[in-house]
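Working notes for the structure below.
Each value in this text was obtained by applying a stated rule to the coordinates, not by laboratory testing. Quantities reported herein were computed from a predicted structural model and do not represent experimental measurements. We place every Cβ from the backbone using ideal geometry, glycine too, and count neighbours over all the protein chains shown.
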Amino acid sequence: MKAAFINPSMGDYYRDAKVQAAITLSPPLNLAVIAAAARRGGHPVCALDLEGQPEMLEEAAFVAWLRRERPDLVGISFRTPLFPQARRLAEIAREVLPDAMLVAGGVHPSTRPRETVTRAPFDVAVRGEGDEAIVELLDGKDPAAVQGVTCRGGAETPARVLIPDLDVLPMPAWDLFDLRRYSSRSLVAKIAPVADLESSRGCRARCVYCTKGVFGNQYRVKSPARMVDEVEHARAAGFRAFNLVDDSFTTLTSRSIAVCEELMRRETRMPWTLTNGIRVANVNEEFFRVARAAGCYLLAFGFESGSDEVLKRIKKGATTRQAVRAVQWARKYGFTILGYFMVGLPGETEETIAETARFAASLDVDYAKFSITMPLPGTPLYEQWRPYIRDESKHDFSIHKPEPSLYDHPDFRWEDLERHTKAAYRTFYGRPKYVAKRVLRSIKRGEILREARYGLDFGVNSAMTAFNRR
């Protein structure tokens, strides 16, 4: 059977969101991985990244592509905010290819499988990892006998056992994508194209706001040798840099150091980043020293809050003291540092939100992002705040541009959350010391125009507003 794998466009998911300036357009790793599994199973594959090929969003163009490729199975991977678009793509595919099997995968089908197959024309929703399930479906196995799937007819099979040895996975099928479409740089990507790579799956942390619907909480890793093989495979495909998208690359610090040492031993010499965020409780100074020497130049921390009491409440498993120490180490070795913070976490008060803003400013990281807390489907927080969600059929769960009509916060009015978020940006970006430092650093690096353009998008506009009010 021939498979076609589709990545929906993020559309306006990031539009008007400050974080847009930090987003690097890269070929979708999930499609490259699942296509590689199907190909190794002996099945021809094709892929369509609608984010990298926005012209294919035109229905006529999409229909022409389906008719040209004529796949027997159409797989669409998506998160909750993209469900309406995925549903429309499936509807078109059903009209054009009435006999094709339509398969949904990704975060939304994993956390809302029954809704996926009842509110859209998908035949099957794959729950969790799809590397093995997709091959069985392509082999012609009865979906009702494939573990980890929910079928349109009502059958739902037991969860599939997670893949224990990630080294057995095939290399991502990067040849399916035209890398010329991914040559644009961003605030965090000083060279392109950038390959998103995974060195591990799963997360042991218990944070109440995070979903683990795809990879679960069982932490599994690729060996350092396999990981660097994957980096070299990406370089051979034409990538000039890479970004590790692990839930937390430093879960086992000794192993993350070993990966860096293997990169240096092979003299890979590719710049790389850690933008998904690493945990301040799972790092030591040696990691930062070795990672910098191995080519990592930018990393992000998921700080979330500047209140230790709030951090305990959300089960972050970290403290503000650990955050301060981690930033000191990262700064010592010359990293560009992004900090992620949340506004309106469970049990927050106006004072804890202000405390978080002051804490972010005191850390003096290079960039800070403040997001209104979103109860994502599949998370403990979603279950806790379920009584406050206005309509569970809505899909506007964007953590970057939250929809006010989605839910009523138990402790704040929505306009107050927005006001506190703007105030946090002013507290961080409105410091004369911060602006002066960024300007001097940009001039020194010869990137003043580039950083000014991205900085205005990411939040320095808040600083300009603050200066105007002084």
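Of the GluC sites (Glu not before Pro) found in the range 221-282, the ones in coil according to DSSP and having at most 11 other Cβ atoms within 10 Å of their Cβ are GLU267.
Work from the charge dipole of the chain (Cβ charges, +1 for Lys and Arg, -1 for Asp and Glu, about the Cα centre) and give the residue of CYS151, ILE34, LEU138 farthest towards its positive end. The residue sitting most towards the positive pole is ILE34.
Under conditions of 37 °C and 0.692 mPa s, the chain yields 142 µm² s⁻¹ as its translational diffusion coefficient, taking Rh as the Kirkwood radius over Cα pairs in the Stokes-Einstein equation.
Taking the range 185-429 as the region of interest, the number of lysine pairs whose Cα atoms are within less than 20 Å, with members eight or more places apart or on different chains, is 9. Taking each residue as 0.36 nm, the span from ILE191 to ASP139 lengthens on full extension beyond its C-alpha to C-alpha distance by 14.7 nm. For the range 3-151, taking Cα atoms only, Rg and Dmax work out to 14.7, 46 Å respectively.
Identify, among CYS260, PHE335, CYS203, the residue whose Cα sits farthest towards the positive end of the charge dipole of the range 185-429, taking +1 on the Cβ of Lys and Arg and -1 on the Cβ of Asp and Glu, with the dipole about the Cα centre. Value: CYS260. Take every Cα pair under 8 Å whose residues are at least 6 apart in sequence, average their separation, divide by the length of the chain, and the relative contact order is 14 percent. Where the only charges are on Cβ atoms (+1 Lys, Arg; -1 Asp, Glu), what is the dipole of the range 3-151 about its Cα centre, to the nearest 20 debye? Taking the Cα centre of the range 3-151 as origin, the dipole is about 240 debye.
The local environment of ASP308, defined by Cβ-Cβ distances under 12 Å, has a net charge of +1 under the rule Lys, Arg +1 and Asp, Glu -1. Neighbour counting of Cβ atoms within 10 Å sorts the residues CYS296, CYS46, fewest neighbours leading, into CYS46, CYS296. Take the Cα of LEU440, step 7 Å toward its Cβ, do the same at ALA281, and the gap between the two points is 3.7 nm. Rounded to the nearest 10 degrees, the angle from helix 224-237 to the longest Cα principal axis of the chain is 80 degrees. Full extension of the chain between SER223 and GLU415 yields a length gain of 64.3 nm, computed as 0.36 nm times the residue separation minus the alpha carbon distance.
Out of GLY378, LEU345, ALA360, whose Cα points farthest toward the positive end of the dipole of the range 185-429 (charges: +1 Lys, Arg; -1 Asp, Glu; placed on Cβ)? Of GLY378, LEU345, ALA360, it is ALA360.
Within the range 185-429, the proportion of Cα pairs with more than 30 Å between them is 29 percent. The phi-based Karplus calculation (6.51 cos²θ - 1.76 cosθ + 1.60; θ = phi - 60°) puts the 3J(HN,Hα) values of the range 308-320 at 5, 5, 5, 4, 5, 5, 8, 6, 5, x, 8, 10, 5 Hz, whole numbers, x for Gly and Pro.
Dipole check for the range 185-429: with +1 at the C-beta of Lys and Arg, -1 at the C-beta of Asp and Glu, and the Cα centre as origin, the magnitude is about 800 Debye.
Among the trypsin sites (Lys or Arg not before Pro) in the range 221-300, those located in a DSSP loop and surrounded by at most 13 other Cβ atoms within 10 Å of their own Cβ are ARG266, ARG269. Would any residue of the range 275-301 have its amide N under 17 Å from a label point 7 Å out along Cα→Cβ of GLN328? List them or say none. Zone members listed by number: 280-289. Per-residue ellipticity at 222 nm, computed for the chain from helices alone with -39500 (n - 2.57) per DSSP H run of at least four residues, works out to -11000 deg cm²/dmol. Diffusion coefficient of the range 121-197 by Stokes-Einstein, Kirkwood radius over Cα pairs, 37 °C, 0.692 mPa s: 214 µm²/s. Within the shell of other residues whose beta carbon sits under 12 angstrom from the beta carbon of GLN328, the net charge comes to +2, with Lys and Arg scored +1 and Asp and Glu -1.
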